[in-house]
1. Look through B:Ser71, B:Ser15, B:Ser92, B:Ser75 and report the one residue that is open to solvent by 40 Å² or more (accessible area, probe 1.4 Å) and not assigned by TED's automatic domain parsing to the domain that holds B:Glu282.
2. Would it be correct to say that A:Lys136 is at pLDDT 95 or above, more than 17 Å from the chain's Cα centre (by Cα) and open to solvent by 10 Å² or more (accessible area, probe 1.4 Å)?
3. Would you check if A:Ala39 is aliphatic (A, V, I, L, M), more than 8 Å from DNA strand C (Cβ to nearest atom) and surrounded by fewer than 16 Cβ atoms within 10 Å (Cβ to Cβ)?
4. Quick check on A:Arg167: is it over 23 Å from A:Ser103 (Cβ atoms), surrounded by fewer than 21 Cβ atoms within 10 Å (Cβ to Cβ), in contact (Cβ under 8 Å) with a residue 60 or more places away in the chain and not assigned by TED's automatic domain parsing to the domain that holds A:Leu74?
5. Filter segment A:267-289 for residues that are outside any helix (DSSP H, G or I), in contact (Cβ under 8 Å) with a residue 40 or more places away in the chain, surrounded by fewer than 24 Cβ atoms within 10 Å (Cβ to Cβ) and within 10 Å of chain B (Cβ to nearest Cβ) and give the result.
6. Return the residues of segment B:30-58 that are in contact (Cβ under 8 Å) with a residue 24 or more places away in the chain and in contact with a Lys or Arg (Cβ under 8 Å, 6 or more places away or on another chain); say none if nothing qualifies.
7. Could you check how many residues of segment B:207-247 are open to solvent by less than 50 Å² (accessible area, probe 1.4 Å), of a type in the set (Ser, Thr, Tyr) and over 19 Å from B:Ile173 (Cα atoms)?
2 protein chains.
Amino acid sequence: MNPTIKDVAKKANVSIATVSRILNGLPGYSEDTKKKVTAAIADLGYQPNAVARGLINRRTQTIGVLFPNVSGMLSSEVLEGVERAAHEAGFSVIVCNTASSGSRTLKYLRLLQEKRVDGVIFASEDIKDEYAEIFKEMNVPVVLVSTASQKHNLPFVRVNDFEGAYRATEYLIHRGHRQIGMIGGSNYDPIAGVPRMEGFKAALTKHSLPFIDKMLVTNEGYRFNDGQQSLPKLLHQFPEMTAVFAASDELAIGAMSAAHQLRISVPDQLSIIGYDNLKISEMCYPPLTTVSQPLVKMGEKAGEMLTALIKEKELEAKSMYLPFTIVERQTVKRMK
Amino acid sequence: MNPTIKDVAKKANVSIATVSRILNGLPGYSEDTKKKVTAAIADLGYQPNAVARGLINRRTQTIGVLFPNVSGMLSSEVLEGVERAAHEAGFSVIVCNTASSGSRTLKYLRLLQEKRVDGVIFASEDIKDEYAEIFKEMNVPVVLVSTASQKHNLPFVRVNDFEGAYRATEYLIHRGHRQIGMIGGSNYDPIAGVPRMEGFKAALTKHSLPFIDKMLVTNEGYRFNDGQQSLPKLLHQFPEMTAVFAASDELAIGAMSAAHQLRISVPDQLSIIGYDNLKISEMCYPPLTTVSQPLVKMGEKAGEMLTALIKEKELEAKSMYLPFTIVERQTVKRMK
DNA sequence: CTGAAAGCGCTTACAG
DNA sequence: CTGAAAGCGCTTACAG
């Protein structure tokens, strides 16, 4: 049995109120009683019960974080950042793997509500109306990371996908490429899918390179397999292509794998630029040139923003776009 | 303000005791009052407060899980399994990133203790005496995953590293290799480092291939960079080598990267077999042949074991070794 | 400086 | 079948 505040009160010959004051650094006791109490605490190895505290303070010092795919390489890094920031601010984090399922998400949200978490971080997915309703009901701060919502006014931490894609494409153009293809994500993904395609098109247009349908192949997801299958397709419909922009690193690496199999040398015969800068992007060969999203930092910022919102109810959150950079490695060749 | 059990009691014109019974499926009420209460609950959108429940039941339905490196590819998959099993059993999971730091681990353990988690899963690291002490103090079940402890009698879920390494080496031997090197992990890691080297040596010996020091290079960690640096070293001291066993996939992929740079073709000039079967092992080129640890399943089993222990205090846990397999891809060549 | 008491939102004997 | 009451382990006015 864990000792309670009563036990230490008895041992120190004071009331539990006094023990509580000392525990919480409130004023109201002599040096002497403080010593007695501190000694009793040490003797008993007393640890305050956070559950009891949570009940009375209406604060659990816990946040929930929802990912569509916890073990994904992107989520992992974001989670690391969230956990770090949360812990630093004195909060624990409960992880939830929604598996991109609406019903699971709903169940998790209900669960987090029952557990009375002090806030929630929602990652990489679109906010359905039902979610927004529960957010409202829960009445705790919510911050989005690596996603955003047009309908619901929720603060977010992310990178500007349009800009990132634009710059990636421009990077290729600046290296002398004129026939550029794109392996895109989903057309039904308004958060990351569409903006990256739009950024691609905008960069072409800006440099007087007409966009033609055959330059783009879209996918349902952003995974390795998608990329692997997309490259042959793209090559087939757009054989004169000298460079390709992939909407994610997995897509890019899948494309590289397909290129290897087709005996197309990267970057000599085909240049590739990715998007994300996952850890694998420097592990593959040749190492991938890519748009770097500061994933850990995004998680951290989201964690900081959320805990700040929890601590000072008034403060209005301002969303933030974090800067991206282009990490030059070895998959893009300069055309003369 | 969230409605409480009092609100529904008032609304349904019954006592809170009755509401509680209905909520918990205990016997003792008429169909009629059940209906009234259910209606009131729905009306108010009442959600039981898990914090209050936790206080009185001494059960938080929450477990803690500690990883040395949450965002590592290995941890990620284990976490996915843990989370799945925990959730299925009605538990939430709090993640902790110890960053392989003893003091952080201790702080997390204290925190989990204060939060009164019902159990903890400890991953991929050695159990120091201080940790074991806190485990005892906490008085909740603990299960280890992807690690084990010789000193402390704690149940574990893992793969037999000696066997895995033995079989990997034998795989190479069966493919006709006689000059086999190893890129090992740490000599100071009794859990994964040493057994994998021992398994390697044992397989050689068993097949009458003498082990010589030059055949092995060890590392502090199991990371990509370590592998990258190890291959040239190993090649230097053991140039006649035709195949190498790497103690992790990252090590193997780092070695492949070094091979690429040295213009050594894998598997034509050098065969490589890894250990883990991380997702990257099929994304690199050529896809890596490796010893597959069922990481997600390991997490799942650990989660199941822990929640079972929580539910039935008596039951003694029996550790388990999960089976590994060798996944044949394209980095090992058959010698004639 | 210190303590008795109420209360956070529940569950669980106990009595009827 | 149903309710009054005690209690889980704390915090916080309130009174002295």
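The values are calculated or read from the model by the stated rules, or taken from the named source; none is laboratory data. It should be emphasised that the depicted structure is a prediction, and the values quoted were computed from it without experimental measurement. Using ideal geometry, Cβ is built from the backbone for each residue, glycine included, and neighbour counts are taken over all protein chains shown. Note: areas computed on protein heavy atoms with side chains; ligands, DNA, RNA excluded. Shrake-Rupley method; radii C 1.70, N 1.55, O 1.52, S 1.80 Å.
1. B:Ser15
2. Considered against the rule, which asks whether it is at pLDDT 95 or above, more than 17 Å from the chain's Cα centre (by Cα) and open to solvent by 10 Å² or more (accessible area, probe 1.4 Å), A:Lys136 comes out as no.
3. Yes; evaluated as a whole, the condition is true for this residue.
4. So A:Arg167 fits the description; yes.
5. The answer is A:Pro286, A:Pro287.
6. Matches in segment B:30-58: B:Ala40, B:Asp43, B:Leu44, B:Gln47, B:Asn49, B:Gly54, B:Arg58.
7. 1
Listed here are the residues, each with its yes/no results for (1) farther than 27 Å from B:Ser75 by Cβ; (2) in the same structural domain as B:Thr289 (by TED's automatic domain parsing); (3) in contact with a strand residue (DSSP E or B) (Cβ under 6 Å, 6 or more places away or on another chain); (4) in a helix (DSSP H, G or I).
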residue: B:Glu198; (1), (2), (3), (4): no, yes, no, yes
residue: B:Lys233; (1), (2), (3), (4): yes, yes, yes, yes
residue: B:Glu240; (1), (2), (3), (4): yes, yes, no, no
residue: B:Ser265; (1), (2), (3), (4): yes, yes, no, no
